[in-house]
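Below is one structure, written out as structure tokens, with a few remarks after it.
The values are calculated or read from the model by the stated rules, or taken from the named source; none is laboratory data. Keep in mind that what you see is a predicted model, and the values were worked out from it rather than measured. Here the Cβ positions follow ideal geometry from the backbone for every residue, glycine too, while neighbour counts run over all protein chains shown. These area figures cover heavy atoms from the full protein model, side chains too; ligands, DNA and RNA do not enter into them. Shrake-Rupley method; radii C 1.70, N 1.55, O 1.52, S 1.80 Å.
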Amino acid sequence: MKFLAIILLVSLCEVSWSQYYEYDSHWWISYLHSQQYSYGPSYDYDPDPPRPSVSDCPQECECPLSFPTALYCDGRDLKYLPYVPSRIKYAYFQNNQITAIPDGAFDNATGLVWLALHGNQIVSDKVGRKIFSKLRGLERLYMQNNNLTRIPNGLPRSLRELHLSSNQINRVPANALEGLENLTALYLHENQIQEVGNSLKGLKSLVHLDLSNNQLRKLPDSLPESLVQMYLEYNQMNSVPNDYFKAYPNLQYVRIAHNRLTSDGLPGTTFNTSSLVELDLSYNQLHRIPPVNTNLQHLYLQGNQIAEFTVKSFCTHVDITSFSRLEILRLDGNEIESNNIPPDTPLCLRNADIINM
């Protein structure tokens, strides 16, 4: 009888519980889970889900969660600069139709480190004079492929790279780059610059200078001693001052190809400097091989009017310890005949792997 009474009591309890938990026959499992994983009070109803925080990313752009300090607004046919959130350090506005950068455009994002504005239609008259005044940490500025006619004003002293190629800049005033003592790379190629003067002298950290594809008629009057690479091809220079390169002990790579250099415009010691590693004088109007230092490793003279091979251009004398370190020599496209090569040439150019005649 006791056993039947217990069974009856359990059955009655199951019926009673089922009235309240008819949608969950395993309510007790749900209860245990709620006790184990719940961190707040339990409710019999579901509260409204919390609203997501409003994003500060402009709707025209993209702000990836994996890179929260970056703002991607590139290639979206924008004609204006959208709002830049204060957290942004890397802003990409390239390949749009932006024509102006008004003052205050970046006042909210003073922590910018990279600013990409290349491939737009920006004109100098519509660039605010104080646009960069608050960007004290900006390191890289990309403004190539625009319609600039002058170097922007008030560039921040923090800049390390300045890209201004493929614009319409025709001059570099003496104070245009003043104060940029941290600048290591300056790209001014494919402009209309006719003269540089002394405007580069104060760039104490400059390593790379590209002034190719301009209208330069002479070399810069002065360069920073830190300079390592200088590219001047596709200009209109016809001479180089004597001992010009000896003033720059760190200069290793010089390209003056596709100019109007003549042998009369190159004094005898012009390129006899021990720091040079690579020298490109191809496609000029040279009639003879200019003397070079024995430390030079790459010499490009193709496309000139050289008719004679002179060993003394590479070695004043040849012995066991005195010889040229030249590895690559290009003389193709000249007027030298292979049977006129002096017999002591192999002793002088004993390190040369490639000689194109």
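Find the Rg to Rh ratio for the stretch 220-338, where Rh is the Kirkwood radius over alpha-carbon pairs and Rg uses the same atoms.
Reported Rg/Rh, Kirkwood definition of Rh: 0.94.
Based on the Cβ-Cβ distance from ASP221 to SER55, what FRET efficiency comes out when R0 is 51 Å, to the nearest 0.05? Mind showing how you got there, number by number?
Details: r = 52 Å, r/R0 = 1.02.
It comes out at approximately 0.45.
Heavy-atom accessible area of GLU337 with all protein chains present, probe 1.4 Å, nearest 10 Å²?
Using a 1.4 Å probe on the heavy atoms, I get roughly 100 Å².
What are the GluC sites (Glu not before Pro) within the stretch 192-238 that DSSP puts in a loop, where the Cβ has at most 13 other Cβ atoms within 10 Å? The partial results should precede the final answer.
Working: sites: GLU195, GLU225, GLU233; in loops: GLU195, GLU225, GLU233.
In loop regions of the stretch 192-238 (DSSP not H, G, I, E or B), the sparsely surrounded GluC sites (Glu not before Pro) are GLU225.
Using protein chains only and a probe of 1.4 angstrom, how many square angstrom of VAL84 are accessible, to the nearest 10?
0 Å²
So for ASP221, ASP77, what's the accessible-area order with a 1.4 Å probe, most first? Present the calculation step by step, with values, prior to reporting the outcome.
Details: ASP221 75, ASP77 110 Å².
The ordering from most to least exposed comes out as ASP77, ASP221.
Specify the inter-centroid distance of the stretch 194-270 and the stretch 112-158, based on alpha-carbon positions, in whole Å.
Between the Cα centre of the stretch 194-270 and that of the stretch 112-158, the gap is 26 Å.
For the stretch 191-201, just list the computed ³J(HN,Hα) in residue order, Karplus coefficients 6.51, -1.76 and 1.60, θ = phi - 60°, integers in Hz, with x standing in for Gly and Pro.
10, 10, 6, 9, 7, 10, x, 9, 5, 9, 4
Once fully extended, how much extra length lies between TYR80 and GLU62, figured as 0.36 nm per residue of separation less the alpha-carbon to alpha-carbon distance? Walk me through the numbers on the way to the answer.
Numbers: separation 18, 0.36 × 18 = 6.48 nm, distance 1.58 nm.
Contour length minus the Cα-Cα distance gives 4.9 nm.
Return the Rg/Rh value of the stretch 156-210, two decimal places, where both radii are evaluated on C-alpha atoms and Rh is the Kirkwood radius.
Working: Rg = 10.5 Å, Rh = 11.3 Å.
Computed over Cα atoms, the ratio is 0.93.
Quick one: accessible surface of TYR72, probe radius 1.4 Å, all protein chains present, in square angstrom to the nearest 10.
So the heavy atoms of TYR72 present about 70 Å² to solvent.
So what are the ³J(HN,Hα) numbers for the stretch 272-277, from phi and the Karplus equation (6.51, -1.76, 1.60; θ = phi - 60°), rounded to whole Hz, Gly and Pro as x?
In residue order, the calculated couplings are 8, 10, 5, 7, 5, 10 Hz.
Got a sec to turn the phi values of the stretch 311-318 into Karplus ³J(HN,Hα) couplings, 6.51 cos²θ - 1.76 cosθ + 1.60 with θ = phi - 60°, whole Hz, x for Gly and Pro?
5, 5, 5, 10, 9, 5, 8, 10
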